[in-house]
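Asker: Structure provided below as structure tokens; questions to follow.
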Amino acid sequence: MRVLITGGAGFLGSHLCDRFLSEGHEVIAMDNLITGSTRNIAHLAGRKDFLFIWHDVTNYIYVDGPLDAVLHFASPASPVDYLRYPIQTLKVGALGTHKALGLARAKGARFLLASTSEVYGDPKVHPQVESYPGNVDPIGPRGVYDEAKRFAEALTMAYHRYHGVETRIARIFNTYGPRMRLDDGRVVPNFIGQALRGEPLTIYGDGTQTRSFCYVDDLIEGIYRLLMSDFADPVNLGNPVEMSIKEFAEVVNRITGNRAGVVYEEESRIEGDPQTRRPDITRAKSVLQWEPRIDLEEGLRRTIEYFRQRI
Ligand code: UDP
């Protein structure tokens, strides 16, 4: 296959480049580098089966030659990033998805959308199943990301239904691993960075809010299987092991040997920050025969090793 990965220099995009190349496919990575970095794909430079194009996908996308798949992963994805780039986040979810779908249609390529658990907002159904339509405030601070991704899903289904494009929608839950930006503001790099510097971990709010963390290799396997499947409805991909942020802080401090403890920052918690989040992965299990294999301690050890070299 010859595949285009938008956001190919980002955290997930760059891992996808590696995965597709390792399966013998040809990869074109596209990125405008506002949150991605060429460091993530530097090891691929010079390969004949890899091409990087610096481009903002909210503008018309031109790719020479055939394409078999378009994976649309371009978007700021951490709350800090999408609050820093609110308009770009809305544009890449809306205009960028439109351009990427148009390209897939023109090339007769399969299309996969990187959607998100944020489409469920601050959920009133727990764990979250794909049939739950969500609880999102369009004008809240997270609305720029949530609504862009909800629009992206609607547009993807419209291209599927009205243009017959073969489409896939992955609803990605919290994922972590090497190549996350240490300063992206998310809880995993924040806590690991703080622990490695011997500082207390900053818990936003009272730490009772929950998340479920999936190691990147597991997620990439799920994306790969979803693309290869024939399933057009959304599929949750994430790790169903749920814990409170307070418990997560304890795990990070234990594994890193950090003795500085935690501090509670009530004011840092962003309005609309979901109180609970856990994927119901029944659909992914039955349709893709997929479930995460790497437990939190193992995944954290690999991630800590990566950050240790960069701190
Ligand atoms: N969080 C925290 N301390 C930090 C960063 C985040 O307690 O230094 C909390 C945040 O308020 C949220 C959870 O950790 O409840 C996960 O936040 P993250 O930014 O990783 O992504 P989200 O899951 O909210 O999209």
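Asker: Helix 187-196 versus the longest principal axis of the chain: what angle, 0 to 90°, nearest 10, using Cα atoms?
Answerer: 50 degrees
Asker: Suppose we keep just the DSSP beta bridges with both residues in the chain; what percent of those would be antiparallel, to 5?
Answerer: 10 percent
Asker: Oh, and also: Label points 7 Å out from Cα along the Cβ direction at ASP64 and MET228: separation in nm?
Answerer: 3.1 nm
Asker: On to the next question. Note down the relative contact order for segment 215-311 as a percent, whole number, built from C-alpha pairs under 8 angstrom at least six residues apart.
Answerer: Result for segment 215-311 is 47 percent.
Asker: Still on this structure: Along its principal axes, what span do the Cα atoms of segment 126-188 show, with the longest given first and each in whole Å?
Answerer: For segment 126-188, the Cα extents along the three principal axes come out at 42, 28, 24 Å.
Asker: I would also like to ask the following. In deg cm²/dmol and to the nearest 500, what is the mean residue ellipticity at 222 nm of the chain if only DSSP H runs of at least 4 residues count, each as -39500 (n - 2.57), divided by the residue total?
Answerer: Calculated at 222 nm, the ellipticity per residue is -11000 deg cm²/dmol.
Asker: Where in segment 189-269 are there trypsin sites (Lys or Arg not before Pro) that are in a DSSP coil and have at most 16 other Cβ atoms within 10 angstrom of their Cβ?
Answerer: ARG197, ARG259, ARG269
Asker: Okay, next question. Roughly speaking, what is the stretch gain from ARG293 to ASN135, that is 0.36 nm per residue apart minus the C-alpha to C-alpha distance, in nm to one decimal?
Answerer: That works out to 53.9 nm of additional length.
Asker: Run down the lysines and flag those whose C-alpha is under 16 Å from the C-alpha of LYS91, throwing out any fewer than 8 positions away in its chain.
Answerer: Here the lysines satisfying the reach criterion relative to LYS91 are LYS99, LYS149.
Asker: Another question about this same structure. Binning at 20 Å from 0, report for the chain what percent of all alpha-carbon pair distances ends up in each bin.
Answerer: Result, from short to long distances: 34, 59, 6 percent.
Asker: Could you state the angle between the C-alpha long axis of helix 143-163 and the longest principal axis of the C-alpha atoms of the chain, as a value from 0 to 90 degrees rounded to the nearest 10?
Answerer: 30 degrees
Asker: Treating only the Cβ of Lys, Arg, Asp and Glu as charged (+1, +1, -1, -1), what charge dipole size does the chain show about its Cα centre? Round to the nearest 20 debye.
Answerer: 580 debye
Asker: What trypsin sites (Lys or Arg not before Pro) does segment 1-74 have in DSSP loop regions with at most 13 other beta carbons within 10 Å?
Answerer: Those that pass, being in a loop and sparsely packed, are ARG47, LYS48.
Throughout, read-outs are computed from the coordinates displayed, never taken from laboratory work. Note that the coordinates shown come from a computational prediction; the quantities given were computed from them, not determined experimentally. In this analysis, Cβ positions are derived from the backbone assuming ideal geometry, glycine residues included, and neighbour counts consider all displayed protein chains.
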